[in-house]
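The structure under discussion appears below in the form of structure tokens.
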Amino acid sequence: MDQISSTPLIASPPIADLQPHILSLHGDDRVDPYFWLRHRDDPATIAYLDAENDYTEAMMAHTEALQTALYDEMLARIQETDLSVPYRKGDYYYYSRTETGKAYPIYCRKAGSLDVPEELLLDQNALAEGYDFFDVGLLSVSPNHQILAYSVDTSGSERYTLLFLNLVTGQLYPEKILETGYGFAWGNDNQTVFYTLVDEANRPFKLLRHRLDSAVSDDELVYHETDDFYYLGVGKTRSDAYILLELQSKITSEIHYLDANQPEGTFRVIQPRSPGVEYQVEHHSDSFYIVTNDEALNFKLIQTPVTAPAKTNWRLVIPHRPDVLLEGVSAFAKHLVIYEREAGLPTVRVRQLASGKEHYIQFPDPTYGVDEGSNPEFNTDTLRFNYSSLVTPRSVFDYNLETQARELKKETPVLGGYDRTQYASERLMATATDGTQIPISIVYKEGLAKDGKNPLLLTGYGSYGFSYPATFSSTRLSLLERGVVVAIAHIRGGSEMGRQWYEDGKFLKKKNTFIDFIACGEHLIAQGWTAADQLAIMGGSAGGLLMGAVMNARPDLCKVVVAHVPFVDVVTTILDDHLPLSVMEREEWGDPNDKTFYDYMKSYSPYDNVEAKAYPNLLITAGLNDSRVAYWEPAKWTAKLRSLKTDDNRLLLKTNMGAGHGGASGRYDSLKETAFEYAFLFDQWGLG
């Protein structure tokens, strides 16, 4: 490998340097000449990734001062020493806080009143010492508030170690449970816990029951999900009455329940799985409320007795509506809070259970995001929710479900004199080639001229039914202040316009996602918001697939592409049963073992459709420990693009060698990654 270090990286991209070694060591595989990059333990693989990182660093060296300036200004907007809004659970108020210079949150509580001294639960900064990556997966306090269960990941692989801390003595329990997932629940005896284990493909597949202060080897296997299509989770109802074992594929649900007061008991199924039927459960008194798509495309709400919850006893509460998507419900002692989506926007409806009276919570912006905050208490008239828009920082509200009064508990500070009146947001509509109207959320600085000269960043996702939220970002101000317009394309494959919107962007209709995004870009150009030589597009994971497919189909659409951990080798990945989530993905993208799906998927798979032609400037990111999109997908894509593209535009691959799908774990390192990406964009736009 001496050849690498002796060759100037600026003069010769890494794949050209490594190519002779690749062919001699691995053979010239005519089907996939870069398949060898899957071999993580091969020194040539790490050498290639290191060489690409060195090349990227060299090509971005002239932007180092800009990166530093961007990092400094983004950091200056953040109130580094800050406090979350405390929430009450039992006799305690729980919250987290941050301190200047520390990368991670500190978790705390106070007993009985906010005026008493603080009790420190967990300092993530202390735990993270010595690690390049550190993530806390779960934090869960026992019902008597005396024991803290928490899990940690030190690589980014999302395989967690579960630990237990005695909050009375400050001592850790002796047991450490390895290879756990996110699922966890406490029995009401404060001694029994339920947790999930992940298999080799990172799929939670086993539920185990553990008694504190006992050998992990004695843990009881409660449930083993052998069907690779299903993801196993466990949680607890807000009422604290039941533990729920949740089995979920992309299109089918099955939920079992157990009396939390009898944690040694046996789980009972609510409704056995039926292909294509999804449901979620909330508990109230002697009933379960179930949101389901059973004969209801946009979902409906039913009520059923806890003692006999099967479908034969279901009673309709909210019927299916073709123009409103029922996303979920939250049950409180006297109210149901109903989360819906209508005309592309989230709505929140409150129903008083005794009277049946209803009202909607009103929101002021033309496009926005809202989600439920921390609401662990069942017997309360107060709903905590989080609200944000493209111009409104994240705001935490307490809302009185009876009086409809709302109290702003905290708006996330944006230091440096942020004035939201200097910015404007709108909701636009683009027309796809089949006539479908595609919503676009857009934000810009007031006074902007629609003269076709503005740099514009267009983002999107369009998969898994995920509705892309139009919410605030303080880092985005570094774009807006320099005259950049930012837009979000709410394309098919998400659920913005209802469940059909999702169905029309998956399986053999997946190309609608790409068609819609292109239509949004063309609309923004036609309306004078930007021009092709000023347009940048960005997406991550399945949104990275979107970037690759759009770039292959319309390389002339934009000037710059940023693809985060892109899922670009679609066919090969989903064919491989041993890779994380691949089998489950067949219910989203299709099964390439079926020739019809194989041909269709192959026709848009970004890696398979790279051609000898000119492409936009491109920044690709990857994580060596990524368990969702393996590092080799962006690496192979980069290699193939580098060997075939006919232009002189930038092509950079930046692999985080110590992180996973989400990138850097600490807030400062995360800001540095953003500053790097913005510097890449500004360099292409000619902005300082």
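Every number here is computed from the coordinates shown, using simple stated rules; none is lab data. Quick caveat: nothing in here was measured; it's all calculated off a predicted structure. Cβ placement follows ideal geometry from the backbone for every residue including glycine, while neighbour counts extend to all protein chains displayed.
Residues of the stretch 111-138 that are surrounded by fewer than 17 Cβ atoms within 10 Å (Cβ to Cβ) and in a strand (DSSP E or B): 111, 119, 120, 123, 138.
Entry remark, the stretch 208-226: residues being within 29 Å of the chain's Cα centre (by Cα), without any contact (Cβ under 8 Å) to a residue 40 or more places away in the chain and closer than 16 Å to residue 149 by Cβ number 1 in total. Residue pairs whose Cβ atoms lie under 8 Å apart, sitting 6 or more positions apart in sequence or on different chains, and linking a residue in the stretch 227-251 that is more than 13 Å from residue 281 (Cβ to Cβ) to a partner that is part of a strand (DSSP E or B) and basic (Lys, Arg), are 232/206.
Looking only at residues in the stretch 164-220 that are crowded, with 21+ Cβ neighbours inside 10 Å and among the aliphatic types (A, V, I, L, M), the one that is farthest from residue 141 (Cα to Cα) is 198. Check whether at least one residue in the stretch 468-480 is among the polar types (S, T, N, Q), buried (at least 19 other Cβ atoms within 10 Å of the Cβ), assigned to a helix (DSSP H, G or I) and touching a Phe, Trp or Tyr at 6+ places or on another chain (Cβ under 9 Å), and report yes or no. Scanning the stretch 468-480, I find at least one residue that is among the polar types (S, T, N, Q), buried (at least 19 other Cβ atoms within 10 Å of the Cβ), assigned to a helix (DSSP H, G or I) and touching a Phe, Trp or Tyr at 6+ places or on another chain (Cβ under 9 Å), so the answer is yes.
Of 102, 176, all but one fail to be over 22 Å from residue 189 (Cα atoms) and either more than 26 Å from the chain's Cα centre (by Cα) or not β-branched (Val, Ile, Thr) (or both); the exception is 102. Scanning the stretch 660-684 for residues that are surrounded by 19 or more Cβ atoms within 10 Å (Cβ to Cβ) and among the aromatic types (Phe, Trp, Tyr) returns 676, 678, 680, 682. Only one of the numbered conditions (1) touching a Gly at 6+ places or on another chain (Cβ under 9 Å); (2) within 20 Å of residue 95 (Cα to Cα); (3) in a strand (DSSP E or B) is not met by residue 144, and that is (3).
The residue of the stretch 48-62 that is surrounded by the fewest Cβ atoms within 10 Å (Cβ to Cβ), among those that are closer than 17 Å to residue 642 by Cα and of a type in the set (Gly, Ala, Ser), is 58. If we scan the stretch 411-424, do we find a residue that is farther than 27 Å from residue 343 by Cα, surrounded by fewer than 16 Cβ atoms within 10 Å (Cβ to Cβ) and among the aliphatic types (A, V, I, L, M)? Checked the stretch 411-424: at least one residue is farther than 27 Å from residue 343 by Cα, surrounded by fewer than 16 Cβ atoms within 10 Å (Cβ to Cβ) and among the aliphatic types (A, V, I, L, M). From the list 54, 123, the one residue that fits, being closer than 29 Å to residue 635 by Cα and out of contact with any Phe, Trp or Tyr (no Cβ under 6 Å at 6 or more places or on another chain), is 54. Collect the residues in the stretch 274-330 that are among the charged types (D, E, K, R) and either within 25 Å of the chain's Cα centre (by Cα) or part of a loop (DSSP other than H, G, I, E, B) (or both), keeping them in residue-number order. The answer is 278, 282, 286, 294, 295, 323, 327.
A quick yes/no check of all residues on (1) part of a loop (DSSP other than H, G, I, E, B); (2) under 19 Å from residue 44 (Cα atoms); (3) in contact with a Ser or Thr (Cβ under 7 Å, 6 or more places away or on another chain):
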{"residue": "630", "(1), (2), (3)": "yes, yes, no"}
{"residue": "636", "(1), (2), (3)": "no, yes, no"}
{"residue": "639", "(1), (2), (3)": "no, yes, no"}
{"residue": "642", "(1), (2), (3)": "no, yes, no"}
{"residue": "647", "(1), (2), (3)": "yes, no, no"}
{"residue": "655", "(1), (2), (3)": "no, yes, no"}
{"residue": "673", "(1), (2), (3)": "no, no, no"}
{"residue": "680", "(1), (2), (3)": "no, no, no"}
{"residue": "688", "(1), (2), (3)": "yes, no, no"}
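The residue that is surrounded by the fewest Cβ atoms within 10 Å (Cβ to Cβ), counting only those in the stretch 605-659 that are more than 19 Å from residue 133 (Cβ to Cβ) and β-branched (Val, Ile, Thr), is 646. Scanning the stretch 247-276 for residues that are in contact with a Gly (Cβ under 7 Å, 6 or more places away or on another chain) and closer than 25 Å to residue 90 by Cβ gives 258, 259, 260, 263. Of the set (1) touching a Lys or Arg at 6+ places or on another chain (Cβ under 8 Å); (2) surrounded by 16 or more Cβ atoms within 10 Å (Cβ to Cβ); (3) in a strand (DSSP E or B), all apply to residue 271 but (3). Taking the criterion of being over 19 Å from residue 414 (Cβ atoms), hydrophobic (A, V, I, L, M, F, W, C) and within 18 Å of the chain's Cα centre (by Cα), the only residue of the stretch 459-487 that qualifies is 466.
Within the stretch 244-268, the residues that satisfy the criterion of being assigned to a loop (DSSP other than H, G, I, E, B), surrounded by fewer than 18 Cβ atoms within 10 Å (Cβ to Cβ) and not β-branched (Val, Ile, Thr) are 261, 262, 264, 265.
The selection criterion, being within 21 Å of residue 237 (Cα to Cα), touching a His at 6+ places or on another chain (Cβ under 6 Å) and either crowded, with 20+ Cβ neighbours inside 10 Å or not β-branched (Val, Ile, Thr) (or both), does not hold for residue 308. Of everything in the stretch 93-110 that is in contact with a Phe, Trp or Tyr (Cβ under 8 Å, 6 or more places away or on another chain) and among the charged types (D, E, K, R), the residue that is surrounded by the most Cβ atoms within 10 Å (Cβ to Cβ) is 109. Going through 492, 482, 406 one at a time, which residue ends up being among the basic types (Lys, Arg) and touching a strand residue (DSSP E or B) at 6+ places or on another chain (Cβ under 7 Å)? Every option except 406 fails the conditions. Scanning the stretch 331-346 for residues that are more than 29 Å from residue 139 (Cα to Cα) and either among the acidic types (Asp, Glu) or not in a loop (DSSP other than H, G, I, E, B) (or both) returns 341, 342, 345. Of all the numbered requirements in (1) touching a residue at least 60 places away in the same chain (Cβ under 8 Å); (2) surrounded by fewer than 17 Cβ atoms within 10 Å (Cβ to Cβ); (3) not in a strand (DSSP E or B), residue 463 misses one, and that requirement is (2).
Taking (1) more than 20 Å from residue 679 (Cα to Cα); (2) touching a residue at least 24 places away in the same chain (Cβ under 8 Å); (3) part of a helix (DSSP H, G or I) in turn, residue 501 satisfies each apart from (2).
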